[in-house]
Structure formats: structure tokens, C-alpha cells
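Asker: Please see the structure below; I have some questions.
Each value in this text was obtained by applying a stated rule to the coordinates, not by laboratory testing. Just so it is clear, the model here is predicted, and its values are computed rather than measured. All Cβ positions, glycine included, derive from the backbone under ideal geometry; neighbour counts span all protein chains shown.
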Amino acid sequence: HREQALATKRRSLSTAIAFTLAFGMAGSALAQQAAPAGNADPAAADPQAKKAQELDTITVTANKREENIREVAVAITKISDQQLENINATQMTDYANYVPGLAIQSNGTPGQTQVSMRGIAAMSPGSTIGTYVDETPVGSNSLYQQATLFALDLLPYDIDSIEVLRGPQGTLYGAGAMGGLIKYTMKKPDPTTTEYRIGGGVSSTDSANGWGNTYRVGVNIPLKQDRLALRASYAGNNIAGYVDNLFDGREDINNGDQTSARVALLWQGDSVDVNFTAMQQDIDSDNNATIALEPGSHARIDGLSNYVAVDEKFEKNLKNYALTVNWDAGFADFVSATSYTDTHTLTRSDLTFSYGEFPELVGLGAGKAWLDYTLDLT
């Protein structure tokens with residue numbers, strides 16, 4: 001009986017193996033019959049077959065040379081010019097939410113901006129976030145220039161991309177980049193293409209009686225084919241006010257204007273490229289966007305409004321000139337970057353409700369008090 005049982009098991013196993021081989025051969029035959037003649041690509045015969053897609057390469061300059069973002073050992077986010085245009089960005093607060101770890105505090109006007117990354121607050125004596133335009137630093141990291149309060153906030157037109165590097169960048173970008181770096185990469189002149197650009201837009205804001213608007217023009221002209229080119233642009237941003245003054249009844253007291261002009265000249269040689277740029281940006285705001293709140297509940301006293309006896313003006317004028325020389329020596333690339341910056345900043349604080357009552361004590365009636373801070377840097 002035992003021998004018969006073993007023989008039965010062997011026959012059952014042999015039968016299972018035979019069926020498996022038969023189905024495998026049948027499957028191969030069916031696959032061969034389904035395949036087109038001439039050893040054609042099966043994916044071409046089946047329109048439903050998935051095809052591999054190659055992702056776009058994102059190039060960054062975090063290490064001061066062009067690299068694939070996947071090969072850079074730095075936490076970095078790149079915002080392209082197309083993304084800036086799609087979200088209609090006019091200041092840093094417009095695109096900050098698209099960058100992980102980047103936090104912005106603003107008084108409602110471009111330029112009155114405090115920047116922090118990864119929780120490193122802007123409370124140190126010097127700047128913790130560095131700012132570069134192309135290959136040169138712009139601005140100060142000094143306590144005496146209030147570098148933590150007035151970060152560079154360019155009107156993002158004629159900008160090729162904005163790179164935000166998170167974490168310490170002191171090795172390549174100096175002591176002012178302990179918390180990270182914001183790098184503006186500007187569009188370069190193109191000696192092969194003539195280009196004209198023009199654009200504009202309007203915007204509305206809650207509680208504002210008027211409309212805001214933006215306008216921009218740009219041109220790229222080859223002066224000598226494949227060798228010399230000129231690029232020029234001008235852009236403006238008229239900011240509609242929306243804060244009302246409870247002190248004297250005025251409405252929309254925080255109107256502002258922002259303009260940006262830039263000229264770039266590029267000469268391309270066989271082994272040497274020379275790029276010269278001149279840029280100016282002006283910001284002029286009538287008031288900040290501070291809102292009066294109840295002391296206890298912190299609720300708004302009367303919507304978007306404040307008590308302002310003296311307009312708290314803010315002005316920032318920036319002039320930047322840069323010369324960059326790139327030399328391909330064959331065995332290595334050499335870059336020389338030189339820049340000159342002239343910055344003027346004026347901010348006014350209304351101190352009337354702190355000191356304005358003292359003239360009344362001596363019978364001079366109600367008074368007003370304010371304090372102007374003027375910062376100049378070259």
C-alpha cells in the first residue's frame with residue numbers, strides 16, 4: 001500500500017508538472033503570435049503601453065557653478081520666472097509660502113521685511129539671511145544698518161529665478177548667511193535673439209477704494225551677432241492703500257509705489273565673457289499697514305484702521321552696479337565679480353501718543369512727535 005501511495009503521489013506530481021509546462025508553452029506561443037512581425041517594439045504595437053518620461057532638468061547655481069539640483073547637497077528651492085509670473089508676485093511675501101522653511105514678517109510694504117529660515121529668528125545683531133544678486137552680495141549684515149529689518153525685496157521682473165538656500169551657507173557666502181541665502185539670478189542679454197516684452201495688470205484689495213496696478217516693459221537687442229547684446233527693462237507697482245486713519249478720518253493712508261530699472265550689457269568672446277549691469281529700485285510708501293487692536297481681546301477696533309497723527313513714511317532707494325568676468329582657461333573656469341551698491345533708507349515712527357501730550361502741560365496745545373531713521377550705505 002505504501003508503494004502504491006508513493007506511486008500515486010509521483011503520478012500526481014508528474015501530472016502537475018506536465019500541466020504547468022503545457023500552460024507555459026501555450027503562453028509563450030500566444031505571446032509569439034501576438035508579437036508583430038519583424039521584431040517590432042511591443043510598446044508600439046500596444047497603444048496602451050506606458051512610456052517612460054524624462055523629467056526636466058532644474059539647474060541651480062548654489063555652489064557658484066551651474067549644476068543639476070538633484071546633485072547639490074543643499075536644501076534648496078528654486079522659483080522660476082514663469083512661476084513668479086503665474087502668481088503675479090510683486091514682493092517677497094507673495095512667494096514666501098511656496099518655499100519650505102521660509103518665514104516673512106512685513107509691515108505691509110516691500111522692503112520693510114524681516115526674513116527667517118528654519119526657525120532662526122531675525123533677532124541677532126547682524127543679518128542671518130544673506131542676499132545675492134547674481135555673483136555679488138547686496139545689502140549689509142551690520143547691526144547699524146538694521147539688516148534684519150530691511151531685507152532686499154526686489155520687484156521680481158527681469159529675474160530669471162530666485163534660489164532659496166536653507167541652512168548655514170557661510171563657507172561660500174560669508175558670515176551673514178548663517179541661516180540661509182536668497183539669491184536673485186537676473187536674465188542675461190542674449191546676443192542671438194531680439195526680444196520685446198510688455199505687460200501689466202490690476203489688483204483689488206479689501207477695504208481699498210482704489211485699484212492697484214503693475215506695468216513692465218523690456219527689450220533685448222543684439223548689437224553684434226553672437227558677440228554683443230544689450231538688455232533693458234523697467235517695471236512699476238502702484239500699491240493701493242486699504243488702512244483708514246481713525247485720528248483724522250483719512251482713508252487708504254498706506255498707498256505706495258515701487259519701481260525698478262535695469263540695464264545689462266554682455267560681450268561674449270571665445271574664452272572670456274564680460275557682463276556689466278546697472279540696476280536701480282525705489283520704494284516709497286506713505287504709511288505702514290499696522291492695524292489698531294483692542295488691548296484685552298486683540299480684536300480690531302474698527303476694521304482695517306489705525307490711529308496715525310504723523311504719517312509713518314518709508315523710503316528705500318537702491319543703486320547697484322556689477323561687473324562679472326568669466327574666463328574659460330581650458331583646465332579651469334575663473335570668475336571675477338565686482339559690485340558697488342548705494343542704499344538710502346528712511347523710516348519714520350509716529351511718537352505722538354507717547355510724547356505729544358507734553359506741550360499741553362505747558363499750555364502750548366496738542367502737539368505731535370515723530371522720529372526719523374536715516375540709513376545710508378555704500
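Asker: So which of Lys64/Lys313; Lys224/Lys319; Lys78/Lys313 end up more than 31 Å apart, counting from Cα to Cα?
Answerer: Long pairs (Cα-Cα over 31 Å): Lys64/Lys313; Lys78/Lys313.
Asker: Another question about this same structure. Please list, ordered by chain and number, the residues whose modelled amide H lies under 5 Å from the amide H of Asn255; skip anything fewer than 5 residues away on the same chain.
Answerer: Counting only residues 5 or more places away or on other chains, the set is Gly241, Asp286, Asn287.
Asker: Can I ask one more? About the Cα centre of the range 276-378, how large is the charge dipole given +1 on each Lys and Arg Cβ and -1 on each Asp and Glu Cβ? Please answer in debye to the nearest 20.
Answerer: With Lys and Arg at +1 and Asp and Glu at -1, about 60 debye.
Asker: If we count every other residue with Cβ under 11 angstrom of Asp252's Cβ, Lys/Arg +1 and Asp/Glu -1, where does the sum land?
Answerer: Surrounding charge for Asp252 is -2.
Asker: Under the rule a/c < 1.5 gives rounded, and otherwise a/b versus b/c splits prolate from oblate, where does the range 206-310 land using the Cα gyration tensor?
Answerer: prolate
Asker: OK, next. Using Cα positions and a limit of under 16 Å, work out the aspartates and glutamates in reach of Lys187, with same-chain residues fewer than 8 apart set aside.
Answerer: Qualifying aspartates and glutamates at Cα under 16 Å: Glu66, Asp81, Glu85, Asp134, Glu135, Asp158, Asp160, Glu163, Glu195, Asp273.
Asker: Here's a follow-up. Quick check on the range 288-361: take the gyration tensor over C-alpha atoms, sort the square-rooted eigenvalues as a ≥ b ≥ c, and tell me if it's rounded (a/c under 1.5), prolate or oblate.
Answerer: Prolate, because a/c is 1.5 or more and a/b exceeds b/c.
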